[in-house]
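J.: Shown below is the structure under consideration.
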Amino acid sequence: MGNIARVQSSLGKPEEAYKSYQGAVTLQREIGDKKGLGVTLISLGGFYKAREQYDEALRVYKESLQIQRDVGNENNQALCLNNIGNVYLAKGQSSDALTYYERALELRKKANIPSQVGETLHNLAEASLKAGDYGQSLDYHLKALELFRSSSDKRGAAIQSYSMGTIFEYQGRYGAALKSKEDALKTFRELQDRGFWMAEILSGYGNSLSQVGRYDEVQQNLAEAIISPL
């Protein structure tokens, strides 16, 4: 039922997906499947967050977090902590987000999975930016950039470069911002990645072009951003 729920959600059938998730949760509680319940609650949390039902998302993520602690699954603990941080960040509670991201980072460093450590460093940078701490945000992005480069993750490194460009813009360093975003765009073109981040980078690069007066190039990038699939 949990798998059916995930498929229904991806097909744009939220009501059916919700019923399937609830059915899975009910059965897992009845049979005492604690590990399975913890996993289903993580998926249900993602379902709630995607629909901006943030309080419900926090409720199920935190229940899953306790289950992961009870069963000793540190990887899923880190996932829950990271996801809780994402919800708090979406709610505009950057201080709470930072707290959960920092706890997630401790566990992910212990597991030593570069992509996961890099993800949380990126999230810490975003939360620091929302809190107005540009220096700390830049420091987290630099650490994530170094990690992704050392693990040959070009996509992850490009996202950090783009995000650093945004910070440079806030600092009024428009030339540095343009260079960072240009580097990110070049990598995404090489990877032929046409997803969400490509559209975001094209849009942000267009904005940076306008800030340095290269208006003739702005329209082309914004037009490409519009047709990039999400």
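J.: Within the range 190-198, is there a residue that is at pLDDT 90 or above and touching a Phe, Trp or Tyr at 6+ places or on another chain (Cβ under 9 Å)?
T.: yes
J.: Could I ask something else about it? Go through the range 7-22 residue by residue and tally those that are assigned to a helix (DSSP H, G or I) and farther than 21 Å from Gln68 by Cα.
T.: The qualifying residues number 11.
J.: Another question about this same structure. Which of the residues belonging to the range 134-174 are in a loop (DSSP other than H, G, I, E, B) and not acidic (Asp, Glu)?
T.: Across the range 134-174, the qualifying residues are Ser151, Ser152, Gln171, Gly172, Arg173.
Every residue, every condition in (1) surrounded by 15 or more Cβ atoms within 10 Å (Cβ to Cβ); (2) more than 18 Å from Asn123 (Cβ to Cβ); (3) over 16 Å from the mean Cα position of the chain (by Cα); (4) modelled with pLDDT of 95 or more, yes or no:
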site: Leu11; (1), (2), (3), (4): no, yes, yes, no
site: Gln28; (1), (2), (3), (4): yes, yes, yes, yes
site: Gly38; (1), (2), (3), (4): yes, yes, yes, yes
site: Ile42; (1), (2), (3), (4): yes, no, no, yes
site: Tyr48; (1), (2), (3), (4): yes, yes, no, yes
site: Ile67; (1), (2), (3), (4): yes, yes, yes, yes
site: Asn73; (1), (2), (3), (4): yes, yes, yes, yes
site: Leu79; (1), (2), (3), (4): yes, no, no, yes
site: Lys91; (1), (2), (3), (4): yes, no, no, yes
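J.: Still on this structure, I have one more. May I ask you to list pairs of residues, at least six apart or on different chains, whose Cβ atoms are under 7 Å apart, with the first in the range 37-54 being free of Cβ contacts under 8 Å to residues at least 60 places away in the same chain and the second being surrounded by fewer than 20 Cβ atoms within 10 Å (Cβ to Cβ) and not in a helix (DSSP H, G or I)?
T.: Short answer, once both residue conditions are applied: Tyr54/Lys91.
J.: Something else: Name the residue, out of Asp216, Asp183, Asp153, that is over 22 Å from Ile84 (Cβ atoms), acidic (Asp, Glu), at pLDDT below 95 and more than 15 Å from the chain's Cα centre (by Cα).
T.: Going through Asp216, Asp183, Asp153 in turn, the sole match is Asp216.
The values are calculated or read from the model by the stated rules, or taken from the named source; none is laboratory data. Computed from a predicted structure; not experimentally measured. Neighbour counts run over all protein chains shown; Cβ positions are idealised from the backbone, glycine included.
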